[in-house]
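The values are calculated or read from the model by the stated rules, or taken from the named source; none is laboratory data. These numbers were taken from a predicted model, which means no experiment stands behind them. Cβ placement follows ideal geometry from the backbone for every residue including glycine, while neighbour counts extend to all protein chains displayed. The protein model used for the area step is the full one, side chains on, heavy atoms only, and it has no ligands, DNA or RNA in it. Shrake-Rupley method; radii C 1.70, N 1.55, O 1.52, S 1.80 Å.
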Amino acid sequence: MSTTEPSIFTRIVSREIPASIVAETDRLIAFHDIAPKAPVHVLVVPKTPEYTNVADLAVGDPALLAELVTLAQQIANEHGGQFRLIFNTGEKAGQTVFHVHAHILIGDLGEDPRADFQ
Ligand code: 5GP
């Protein structure tokens, strides 16, 4: 995909592509991952396409990063309140969509899924 094309997440934000949306604010959208790696696997995504990864977001708009984490907690609260938050950062770390997003994983996560989570 060229960098001028909208990301898959921008296309979800614009409702061009359907998704199972669980929460939305002025600046964020949250929806179920299409290939869940946990009993509950939700992605939280800033609507702006400006930030590629969490480090860029932390520098460019730390308040939006804080909003994202707060929304993740609110979503997790509907499932007992405990959750794992993952930001794959870079291709070698498993990032496939270069529009910053957090994975919220909730439920039985097995012994230690961190090593093979992609
Ligand atoms: P990454 O690998 O970049 O950390 O995470 C991208 C995530 O987006 C993957 O877990 C993948 O399953 C999810 N994903 C990719 N395309 C779609 C889609 O069209 N809809 C939804 N709901 N999730 C998607």
- Message: Looking at THR70, THR52, THR25 in this structure, which one is under 16 Å from THR10 (Cα atoms) and more than 13 Å from the ligand (Cβ to nearest atom)?
- Response: THR25
- Task: List every residue pair whose Cβ atoms lie under 9 Å apart, where the two residues are 6 or more positions apart in sequence or sit on different chains, the first residue falls within the range 25-42 and is open to solvent by 30 Å² or more (accessible area, probe 1.4 Å), and the second residue, located anywhere, is among the small types (Gly, Ala, Ser) and within 8 Å of the ligand (Cβ to nearest atom).
- Result: HIS32/ALA19; HIS32/SER20; ILE34/ALA19; ILE34/SER20
- Cβ pairs under 8 Å, 6+ apart, first in the range 49-61 and closer than 14 Å to GLU5 by Cα, second assigned to a loop (DSSP other than H, G, I, E, B) and of a type in the set (A, V, I, L, M, F, W, C): THR52/PHE98; THR52/VAL100
- Can you run down the residue pairs with Cβ atoms below 8 Å, 6 or more apart or on separate chains, where the first is in the range 84-108 and of a type in the set (D, E, K, R) and the partner is open to solvent by 20 Å² or more (accessible area, probe 1.4 Å)? ARG84/LEU109; ASP108/PRO39
- Query: For the range 1-20, how many residues are within 26 Å of ASN77 (Cα to Cα) and within 9 Å of the ligand (Cβ to nearest atom)?
  - Reply: 5
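Please note which strands (runs of 3 or more DSSP E) are completely contained in the range 14-88 and include at least 1 residues that are of a type in the set (D, E, K, R).
Working: elements: 21-24, 28-32, 40-46, 84-86.
Per the criteria, 21-24, 84-86.
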